[in-house]
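Below is one structure, written out as structure tokens, with a few remarks after it.
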Amino acid sequence: MSDSSPAITQSTQSYTPGFLHHLRAIVSIMCLVIWCVFMLLMLSVLKLCKVSNLDRFYFTFHGGCCWLLNLRCRISGEVSTIKPTLFLSNHISYLDVFVLGRCVPAYFIAKSEVAGWPVLGWLAKAQNTLFFERNSKKVRHQMDVMAQHFDRKGNLILFPEGTSTNGEEVKFFKSSLLQAVESAEHGVMIQPVTVVYTRLQGRRMGRDDLDRYAWYDTMPFASHFLNMFGMPAANVEVVFHAPVRLRDFTDRKACAQYCQQQVTTGLVDALASA
């Protein structure tokens, strides 16, 4: 990350759960279960009726999840309306899926392990997520799958860091993941996107606060996910940067570096103004 990035420091005002937190958590969990079951039933009906464009449905589903998790999302910039578009976003948490899913009309690309996760894996399968294995022998096939998706004018959301971070840095963007853009028959637009978790209860998040949302390194999934419920309102900034095309750069590496710089700048600016 750029040296100019303001580090998130330990806050003496970090959020401390109390009785009301646990009560809200129980209610939120029950509501989320009901919401997911209801929406999955609706999705089955829509698919049986052969409804082709489900973008609005997915927006509604993810928006409802954000509301139940008390994530208050603010969008800046313009979402690309050109199809196909590959959205390249930094990755802080599994919550990014809900945040981006409420405003980006695209399928996600996820590592194959996600398919086996409780709850989230089930939901990912329902919305036609593309699951890719971390296996060098299957890279060519996976790039072909992406290229075919682009040829059908489908958008994709990719986390090119290949992992999640602590929310105050942007890791190296893997340029190899842009091979599919070269292989696609139709010109693919590429749009960098920055996701930043900034404020909790109206004040800037400290390190402890941010760790309630950022999921990285060896953090256990189950306890982290359950501790999300009952939290007060948190602000999430989503910045859409100007779209580019691969042909605007000398090679994939130059394109990936440019997109990483744009995303990093968005994160630095959002943290500085939080």
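Just give me the residues in region 218-256 being hydrophobic (A, V, I, L, M, F, W, C), assigned to a helix (DSSP H, G or I) and more than 18 Å from residue 184 (Cβ to Cβ), in sequence order. The answer is 221, 222, 225, 226, 254. As a summary of the residue check, residue 182 satisfies the conditions (1) assigned to a loop (DSSP other than H, G, I, E, B); (2) more than 19 Å from residue 238 (Cα to Cα) except for the one numbered (1).
The number of residues in region 218-247 that are in contact with a strand residue (DSSP E or B) (Cβ under 7 Å, 6 or more places away or on another chain) and among the hydrophobic types (A, V, I, L, M, F, W, C) comes to 8.
Evaluate the following for residue 212: is it over 20 Å from residue 79 (Cα atoms) and over 18 Å from the mean Cα position of the chain (by Cα)? When the stated conditions are applied, residue 212 does not pass them. Looking at 183, 176, 164, just one residue is surrounded by fewer than 21 Cβ atoms within 10 Å (Cβ to Cβ), of a type outside the set (Lys, Arg), farther than 28 Å from residue 67 by Cβ and touching a residue at least 60 places away in the same chain (Cβ under 8 Å), and that residue is 176.
Scanning region 156-177 for residues that are touching a Pro at 6+ places or on another chain (Cβ under 7 Å) and assigned to a loop (DSSP other than H, G, I, E, B) yields 173, 174. Among the polar types (S, T, N, Q), over 16 Å from residue 105 (Cα atoms) and touching a residue at least 24 places away in the same chain (Cβ under 8 Å): does that describe residue 28? Yes; evaluated as a whole, the condition is true for this residue. Among the residues making up region 204-218, those that are out of contact with any helix residue (DSSP H, G or I) (no Cβ under 8 Å at 6 or more places or on another chain) and either surrounded by 13 or more Cβ atoms within 10 Å (Cβ to Cβ) or modelled with pLDDT under 90 (or both) are 204, 205, 206, 207, 208, 209, 210, 211, 214, 216.
The values are calculated or read from the model by the stated rules, or taken from the named source; none is laboratory data. Since this is a predicted model, take the numbers as computed values, not measurements. Note that each Cβ is placed from the backbone with ideal geometry, even for glycine, and that neighbours are counted across all protein chains shown.
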